[in-house]
Amino acid sequence: MGDRVLRSGALLAKVARSARSAAYRSVTPLDYVFRVLNQLTHYPPLHLRRQVGGVGAGFNGPGYEFVAYLRLLARLRDGDFLWDIGCGCGMLELALHDLGWKGRLIGTDIQKSCIDWAQKNLSPRFADHNFIHMDIHNAAYWPKGTLSAREWLSRFDKRGFDVVVAKSLFTHVLPDELDVYLMGIADRLRVGGKALLTFFILSEEQARLAATGKNRISFRPYGEDGCCAVRNPVVPAAAVAYEQHYLTERLGRAGFKMDGLSLRHGAWSGRADGLSFQDIIVAEK
Ligand SMILES: C[S@@+](CC[C@H](N)C(=O)[O-])C[C@H]1O[C@@H](n2cnc3c(N)ncnc32)[C@H](O)[C@@H]1O
């Protein structure tokens, strides 16, 4: 695709994003009434929920679903120290709280509006929950960012996490940041700690299902080496997929135990045995 086409596409995508955002803001009063009637006023307003995909699938269905995966697959216990990287406006934290988890938590995200809301509204209510903005430049999510992911991580001095969760983060991370984040996570986990990470994973089975039209997202190769694919080259970070062997090799290089990796396929690829929508990798340090 030529540079000019990509540039005009990116501009159109930006205009469409602004129009969508204005539309969501215009129904804020209705959303507020809905939250009052359903005793959900402690949840973020619609224009923040929709930034993290929290508009469909029940009010916070995916949040509750991932509390179960954290407990069962990543062995999250009460009292643990948890890092939620790419936490958005705290939908998972609300579900953790509703389901009675008690522990120390740091949530980080590059969208400042989401972090500001979570720090103002959730931090005072949930003991030991803190939300920190990642001031990392990102064309799609935080164009005002002043740091690279590597620079931000070098200033993020928290260590000794028992569990790290990245729910729907790596589905937006391009190869130039993949290793930086994987190493950043591995470095900050205690030995034996677990990371629960979601991806769109390209594999033989996924390609077979794609050929019969079963994939629910179509990816196109991105970059030269075939390790990565995106849904739309105009806004590549909107949905990113990685080749399975490449990903496991990168996890090993980042410092995770190769024999401690487990993969649960998701239903996005059309598999009948998908556990969640995205693929889930649980990696142990
Ligand atoms: C689909 S949302 C998921 C949010 C949250 N984990 C949840 O499930 O409710 C993806 C989140 O990743 C964040 N994000 C996207 N790219 C990122 C990057 N390169 N670095 C850090 N965060 C990023 C976005 O700001 C957004 O909040």
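The values are calculated or read from the model by the stated rules, or taken from the named source; none is laboratory data. Remember, it's a predicted structure, so these values are computed and weren't measured experimentally. When we count neighbours, we look across all protein chains shown, and the Cβ atoms used for this are built from the backbone with ideal geometry, even at glycine. Remember, those area values only see protein heavy atoms, side chains included, never the ligands or the DNA or RNA. Shrake-Rupley method; radii C 1.70, N 1.55, O 1.52, S 1.80 Å.
Hey, any hits in segment 140-162 for a residue that's within 16 Å of the ligand (Cβ to nearest atom), in contact (Cβ under 8 Å) with a residue 40 or more places away in the chain and over 22 Å from Phe66 (Cβ atoms)?
Checked against the condition, which is being within 16 Å of the ligand (Cβ to nearest atom), in contact (Cβ under 8 Å) with a residue 40 or more places away in the chain and over 22 Å from Phe66 (Cβ atoms), segment 140-162 yields at least one hit.
Between residues in segment 196-208 that are within 14 Å of Phe219 (Cβ to Cβ) and residues that are part of a helix (DSSP H, G or I), which pairs lie under 7 Å by C-beta distance while being six or more apart or on different chains?
Every condition considered, the pairs that remain are Phe199/Leu247; Phe200/Trp268; Ile201/Gln244; Ile201/Leu247; Leu202/Gln244; Ser203/Gln244; Gln206/Ser269.
Of the conditions (1) in contact (Cβ under 8 Å) with a residue 40 or more places away in the chain; (2) closer than 12 Å to Phe200 by Cα; (3) aliphatic (A, V, I, L, M), Ala229 satisfies every one except a single condition; which number is it?
(1)
Are any residues in segment 228-271 more than 18 Å from Lys167 (Cα to Cα), of a type in the set (A, V, I, L, M, F, W, C) and at pLDDT below 95, and if so, which ones?
Val234, Val235, Met258
Can Ala254 be described as open to solvent by 10 Å² or more (accessible area, probe 1.4 Å), closer than 27 Å to Tyr141 by Cα and of a type outside the set (Val, Ile, Thr)?
Criteria met by Ala254.
Given the conditions (1) within 13 Å of the ligand (Cβ to nearest atom); (2) surrounded by 14 or more Cβ atoms within 10 Å (Cβ to Cβ); (3) under 21 Å from Arg253 (Cα atoms); (4) not polar (S, T, N, Q), and given that Asp176 satisfies all but one, which numbered condition is not satisfied?
(2)
All but one of (1) of a type outside the set (D, E, K, R); (2) under 21 Å from the mean Cα position of the chain (by Cα); (3) more than 26 Å from Val234 (Cβ to Cβ) hold for Val27; which doesn't?
Against the list (1) of a type outside the set (D, E, K, R); (2) under 21 Å from the mean Cα position of the chain (by Cα); (3) more than 26 Å from Val234 (Cβ to Cβ), Val27 comes up short only on (2).
Residue check, Lys167 against (1) open to solvent by 30 Å² or more (accessible area, probe 1.4 Å); (2) modelled with pLDDT under 95, all met but one. Which one?
Unmet for Lys167, out of (1) open to solvent by 30 Å² or more (accessible area, probe 1.4 Å); (2) modelled with pLDDT under 95: (2).
Which one of these is over 29 Å from Arg159 (Cβ atoms), among the hydroxyl-bearing types (Ser, Thr, Tyr), modelled with pLDDT of 85 or more and in a helix (DSSP H, G or I): Tyr69, Tyr24, Tyr64, Tyr43?
Tyr64
Does segment 102-113 contain any residue that is more than 9 Å from the ligand (Cβ to nearest atom) and crowded, with 19+ Cβ neighbours inside 10 Å?
Scanning segment 102-113 turns up at least one residue that is more than 9 Å from the ligand (Cβ to nearest atom) and crowded, with 19+ Cβ neighbours inside 10 Å.
Of the numbered conditions (1) in contact with a strand residue (DSSP E or B) (Cβ under 8 Å, 6 or more places away or on another chain); (2) part of a helix (DSSP H, G or I), Trp83 fails exactly one; give the number of that condition.
The failed condition is (2).
It is to be established whether one or more residues within segment 62-75 are open to solvent by less than 10 Å² (accessible area, probe 1.4 Å), under 25 Å from Ala186 (Cβ atoms) and more than 13 Å from the ligand (Cβ to nearest atom).
Among the residues of segment 62-75, at least one is open to solvent by less than 10 Å² (accessible area, probe 1.4 Å), under 25 Å from Ala186 (Cβ atoms) and more than 13 Å from the ligand (Cβ to nearest atom), which makes the answer yes.
Look at Glu93 and say whether it is in a helix (DSSP H, G or I), buried (at least 19 other Cβ atoms within 10 Å of the Cβ) and charged (D, E, K, R).
Yes, satisfied.
List pairs: first residue in segment 97-118 and closer than 12 Å to His129 by Cα, second residue among the β-branched types (Val, Ile, Thr) and modelled with pLDDT of 95 or more anywhere in the structure, Cβ distance under 6 angstrom, at least six positions apart or on different chains.
Once the first residue is closer than 12 Å to His129 by Cα and sits in segment 97-118, its partners that are among the β-branched types (Val, Ile, Thr) and modelled with pLDDT of 95 or more give Thr108/Ile85; Thr108/Ile132.
Among the residues of segment 160-172, write down those that are out of contact with any Phe, Trp or Tyr (no Cβ under 6 Å at 6 or more places or on another chain) and farther than 27 Å from Gly79 by Cα.
Once the filter is applied, which keeps residues that are out of contact with any Phe, Trp or Tyr (no Cβ under 6 Å at 6 or more places or on another chain) and farther than 27 Å from Gly79 by Cα, segment 160-172 yields only His172.
Determine if segment 120-139 includes at least one residue that is modelled with pLDDT under 95, touching a helix residue (DSSP H, G or I) at 6+ places or on another chain (Cβ under 6 Å) and aliphatic (A, V, I, L, M).
no
Are any residues in segment 187-220 open to solvent by 90 Å² or more (accessible area, probe 1.4 Å) and under 14 Å from Gln244 (Cα atoms), and if so, which ones?
Glu204
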